[in-house]
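Right, one structure below, let's go through it.
The values are calculated or read from the model by the stated rules, or taken from the named source; none is laboratory data. Keep in mind that this is a model prediction, so the values were computed, not measured. Ideal geometry is used to build each Cβ from the backbone, glycine not excepted, and the neighbour counts take in all protein chains shown.
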Amino acid sequence: MKVTAIVGSYRKGGVIDTSVDEILAAAEECGARVSKVRLTDARIEFCANCRTCTQLEGMGRGTCPIDDDMGKVLDEIGESDGLVLASPVNFGTVTAVMKRFLERLVCYAYWPWGKKIPKVRNKQQNKRAIIVTSSAAPAFLVRLQSGSTGLLKQAANLLGAKTVGVLAIGFAATREHPVMGDRTRLKARTLGRKLVDGTSGTLK
C-alpha cells in the first residue's frame, strides 16, 4: 500500500506538518510506503479556466496544457491507495496554495462546451483519505463553521477516495510556534493506522 500526503501549510514543522508526519509514520509502521508533497515546494500554476482538460470523455483525468509539477503530483496520487489532504484554516477556508491545487482538479470532470454542469469522470472510491485541518478556533467550530473540511472531502472524492477520518486541530494560534500536544499526536497516529486498515472513523 502507498500513502501520499498533500500538505497546504506554509509552516514547515508546524502543527499541520507534524500531524501529517505522525499519520505517515503510523501508516509506515503498518507496512505502507509513504510520501509527502508540500505544495509550497511544488510549482503549481493557477488554473486558467480554459477547460481544455474537461473536453474529452473518458474515465481518466483530462490533460492540462499547463507545463508544471501538477501532472507529477497527480501521477503520484494515482499510484497511491491512501491520501492525506491537509491544510490550516486561513480566512475561513483552506490556504491559497491548497486552493490553487484544488482548482486544478477540474481535470477529473467531464464538462464539454454546451453542457450546463460538469460530471465527475470516475465515481469509484477505491482509495481512502484522511483530512487534516487546524484553526485558531476550537476544533468543533472548525468542523461546523469552516468550509475547509468540506472542500478537502470534495477533493478526496474527485481523486477517487473515501474519507475515513478527520483530524481537526483547534486553538492552533495560541503561541508563535505551536507545538502538537500528546492528544493530537495520539489521534494522528490512530488515523494513520485507520488509513491502512480501512477502519472508518472521525476524531474531533
Segment 2-50: number of residues that are in a helix (DSSP H, G or I) and over 30 Å from P112 (Cα atoms): 17
Filter segment 19-36 for residues that are out of contact with any Gly (no Cβ under 8 Å at 6 or more places or on another chain) and buried (at least 19 other Cβ atoms within 10 Å of the Cβ); which is farthest from S148 (Cα to Cα)? V34
Hey, can you tell me all the residues within segment 55-80 that are touching a Lys or Arg at 6+ places or on another chain (Cβ under 6 Å) and part of a helix (DSSP H, G or I)? M70
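Consider T149 carefully, then state whether it is surrounded by 17 or more Cβ atoms within 10 Å (Cβ to Cβ) and within 22 Å of K12 (Cβ to Cβ). It would help to see each step written out before you state the result.
Working: surrounded by 17 or more Cβ atoms within 10 Å (Cβ to Cβ): yes; within 22 Å of K12 (Cβ to Cβ): no.
The answer is no for T149.
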Is there a residue in segment 121-132 that is among the charged types (D, E, K, R), surrounded by fewer than 20 Cβ atoms within 10 Å (Cβ to Cβ), more than 21 Å from R11 (Cα to Cα) and without any contact (Cβ under 8 Å) to a residue 12 or more places away in the chain? yes
Quick one: which of A86, A96, A136 is buried (at least 17 other Cβ atoms within 10 Å of the Cβ) and either touching a Gly at 6+ places or on another chain (Cβ under 9 Å) or modelled with pLDDT under 95 (or both)? A86
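Out of T40, T52, I need the residue that is under 21 Å from S135 (Cα atoms), modelled with pLDDT of 95 or more, surrounded by fewer than 19 Cβ atoms within 10 Å (Cβ to Cβ) and out of contact with any Lys or Arg (no Cβ under 7 Å at 6 or more places or on another chain). Which one?
Details: T52 fails: under 21 Å from S135 (Cα atoms).
Residue meeting the stated conditions: T40.
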Scan the strands (runs of 3 or more DSSP E) fully inside segment 81-169 and keep the ones with 1 or more residues being over 12 Å from the mean Cα position of the chain (by Cα). 127-134, 161-169
Exactly one of these conditions fails for A161: (1) of a type in the set (A, V, I, L, M); (2) more than 25 Å from L56 (Cα to Cα); (3) at pLDDT 90 or above. Give me its number. (2)
Only one of (1) within 21 Å of R11 (Cβ to Cβ); (2) modelled with pLDDT of 95 or more; (3) buried (at least 21 other Cβ atoms within 10 Å of the Cβ) is not met by S80, so which one is it? (1)
Filtering segment 118-130 down to residues that are at pLDDT 95 or above and of a type in the set (A, V, I, L, M), which residue is farthest from M1 (Cα to Cα)? I130
